Amino acid sequence: MRKILRNLYLFFIFIYGRFLSLFLYNRKYLKSKWFKGKKYFFDAPGWQWVVIDFHSRIFLRVNNTVPFPISPFCNVVDYRNIFFEPDELNIFQSHGSYFQSSNGAKIVIGKNVWIGPNVGIIGSNHDLKDPSRHQEGKDVIIGDNCWIGMNSVLLPGVTLGKNTVVGAGSIVTKSFPEGNIVIVGNPARKIRNLPENLY
């Protein structure tokens, strides 16, 4: 009985999400893997994201100045400078994540990237002499197959090579472009290499 009720709920969300998508959502995101069910055609998580987004943005006025796929659980500064593949919508569904791409900085996110809750990706720091102002932005680039653990922070100018794992709570102050590594700590440092054919 519980399984039947859950399937009915998912089917309702699917119909409601499809209806909303006809008017309000960019089609390129709706074609991503998150809108293809694993067992049934209606059990894809993307439709739930659409419904949550609609209600939060329209009725609760949460994140109403930034478009989907940025969820109401994230905080984003200047979404126009964030670049990612449509299949990577999951990076904007973690609670408490903060993406700041202001003052000319870009945030570029590769394929198959996973970002945990409460992660901060910062493109521009406050000016040390006047905290009310920001310094010039520096791009943050995250390579393919990276995993950023919860409560981590990536600071301006950081580049992570492919297959980089950032341990939970790490503060990444410099680039690790070589990839295939695990980094942890404050400031983050390499603690081990990963096999090159891991993914």
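Out of every Cα pair in region 143-199, what percent are spaced more than 15 Å from each other? Here the tail beyond 15 Å accounts for 37 percent of pairs. Taking amide H atoms as placed 1.01 Å from N in the peptide plane, the amide H of residue 139 lies under 5 Å from those of 106, 157, each 5 or more residues away in sequence or on another chain.
Comparing 117, 67, 131 in a Gaussian network model of the chain, where Cα atoms under 10 Å apart are tied by springs, the biggest mean-square fluctuation is seen for 131. Per-residue ellipticity at 222 nm, computed for the chain from helices alone with -39500 (n - 2.57) per DSSP H run of at least four residues, works out to -6500 deg cm²/dmol.
Phi angles across region 22-28 convert, under the Karplus curve 6.51 cos²θ - 1.76 cosθ + 1.60 with θ = phi - 60°, into 3J(HN,Hα) values of 5, 10, 10, 10, 5, 4, 5 Hz, Gly and Pro given as x.
Over region 20-59, the Kirkwood radius and the radius of gyration, each from Cα atoms, give a ratio Rg/Rh of 0.98.
Between residue 193 and residue 6, the distance separating the two model label sites (each 7 Å from Cα on the Cα→Cβ line) works out to 4.3 nm.
Short-range pairs are left out: with C-alpha atoms under 8 Å and at least six residues apart, the relative contact order of region 1-72 is 29 percent.
Percent of Cα pairs in region 19-137 per distance bin of 5 Å, from zero to the largest separation: 2, 11, 18, 22, 19, 13, 7, 4, 2, 1, 0, 0. You can think of it this way: the chain between residue 73 and residue 175 has 34.0 nm of extra reach, that is 0.36 nm per residue less the Cα-Cα gap. Among 122, 58, 148, which one shows the biggest mean-square fluctuation in a GNM of the chain, springs joining Cα atoms closer than 10 Å? Looking only at 122, 58, 148, the biggest GNM fluctuation is shown by 58.
Pairs of alpha-carbon atoms within less than 8 angstrom and 6+ residues apart define the contacts here; what relative contact order does the chain have, in percent? Before the final figure, lay out the partial values.
Values: 457 pairs, mean separation 22.3, N = 199.
Worked out over the chain, it gives 11 percent.
Loop only per DSSP, at most 11 neighbouring Cβ atoms within 10 Å: give me the trypsin sites (Lys or Arg not before Pro) in region 1-52, ordered by residue number.
Values: sites: 2, 3, 6, 18, 27, 28, 31, 33, 36, 38, 39; in loops: 31, 36, 38, 39.
Here the sparse-neighbourhood loop sites are 36, 38, 39.
DSSP beta bridges in the chain, what fraction antiparallel, as a percent rounded to 5? Numbers along the way, then the final one.
Working: 5 of 30 bridges.
Bridges in the chain that DSSP calls antiparallel: roughly 15 percent.
Each Lys and Arg Cβ is given +1 and each Asp and Glu Cβ -1; about its Cα centre, the chain then shows a dipole of about 680 debye.
A short reminder: the numbers here are calculations on the coordinates, not readings from a lab. The model shown is predicted, which means the values in this text are computed figures rather than measured ones. All Cβ positions, glycine included, derive from the backbone under ideal geometry; neighbour counts span all protein chains shown.
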